[in-house]
Amino acid sequence: MELYCDECTLFPIYKIKVQTLMDFNRANRFNIDRNFPTKNDDFFTLENHQKQLLDSLLSFEREIGYSFAIFLNKGKKMIGKTSLYRVSGSNYQDAYFSIVIDFRYQNRGYGDRVLKTMIRFAFETKRLHRIACEVMPANKLFITLLEKNGFVFEGTKRKSVNVLGIWEDHMIYALLNPKE
C-alpha cells in the first residue's frame, strides 16, 4: 500500500532497504535527538534498523501502526518518514501522528502535503475518529503546520518526555474527523 501526494510517494517503511532508513536517520540525527524522546546508543545501529523494519511490518499487520518512508518521485530519494502510531480501535478510533523531514528538504511544503495525505489516510481509509500529536513547545514550525491543518491545542503534558537528559513538556494537538 503506497500513498501519493503531489511530488512524493509514501512507502510502508518495511518495504524499503535497511541501509536507506539507516542513512536517513543518521543524516537527521540532530533533528531526531532534539525533537523526540532520547534514543538508546543502539538506535542508529544496523541491527536496530532491521528491527524497526520488522516492527513496522508487524504493526501494519496488526493494524496498530502505519509507518511510511517519504520519497521524492523524481530521483527516488528518501526525504522523510511519517507514521500513525498507537492506533486504537473499539471505542477510541484514534492514533498519534509523527513526521520527520530531512533537514535539507524542510520549508518546501513537503510536510504540509504529507500531513494532508496522512489525514486522508487516517479518516477515509482507516476511518479513525481522532488524530493527536505531541509536540515540544520550541518546535514552532511543526505547531504552525498542525494549526494550519486544523489541529487544535488541547493541553500540555508537563515534563513528560526525556529529551537529551532533560524532562520536557509536550503540547497535545488533535484533529477530529470532520465527517463525524
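Assorted remarks:
- Taking segment 96-117 as the range and being over 26 Å from Gly155 (Cβ atoms) and either among the small types (Gly, Ala, Ser) or in a helix (DSSP H, G or I) (or both) as the test, the residues that pass are Phe103, Arg104, Tyr105, Gly109, Tyr110, Arg113, Thr117.
- Top-ranked residue in segment 120-143 [being within 16 Å of the chain's Cα centre (by Cα) and farther than 19 Å from Val87 by Cα; ranked as surrounded by the fewest Cβ atoms within 10 Å (Cβ to Cβ)]: Leu141
- Pairs are defined by a Cβ separation below 8 Å, a sequence spacing of at least 6 or placement on different chains, a first member in segment 1-30 that is touching a residue at least 12 places away in the same chain (Cβ under 8 Å), and a second member that is among the hydroxyl-bearing types (Ser, Thr, Tyr) and loosely packed, with under 13 Cβ neighbours inside 10 Å; the pairs so defined are Leu10/Tyr4.
- Residue match in segment 129-136 (condition: β-branched (Val, Ile, Thr) and under 20 Å from Lys15 (Cα atoms)): no
- Scanning segment 109-121 for residues that are in contact (Cβ under 8 Å) with a residue 60 or more places away in the chain and more than 19 Å from Asn177 (Cβ to Cβ) yields Tyr110, Arg113.
- Failed item, numbered, when Ile101 is tested on (1) surrounded by 14 or more Cβ atoms within 10 Å (Cβ to Cβ); (2) more than 27 Å from Lys17 (Cβ to Cβ); (3) without any contact (Cβ under 8 Å) to a residue 60 or more places away in the chain; (4) β-branched (Val, Ile, Thr): (2)
- Selection from segment 104-117 of residues that are farther than 21 Å from Asp23 by Cα and in contact with a strand residue (DSSP E or B) (Cβ under 6 Å, 6 or more places away or on another chain): Arg113, Thr117
- The set of residues from segment 104-115 being surrounded by fewer than 20 Cβ atoms within 10 Å (Cβ to Cβ) and either among the acidic types (Asp, Glu) or farther than 19 Å from Pro12 by Cβ (or both) comprises Arg104, Tyr105, Gln106, Asn107, Arg108, Gly109, Asp112.
- Filtering Glu154, Glu124 for residues that are charged (D, E, K, R), without any contact (Cβ under 8 Å) to a residue 12 or more places away in the chain and closer than 21 Å to Ser88 by Cα leaves a single hit, Glu124.
No value in this document is a laboratory result; all are computed from the given coordinates. Model, not experiment: these values are computed from the prediction. Reconstructed Cβ throughout: ideal geometry from the backbone, glycine too, with neighbour counts over all protein chains shown.
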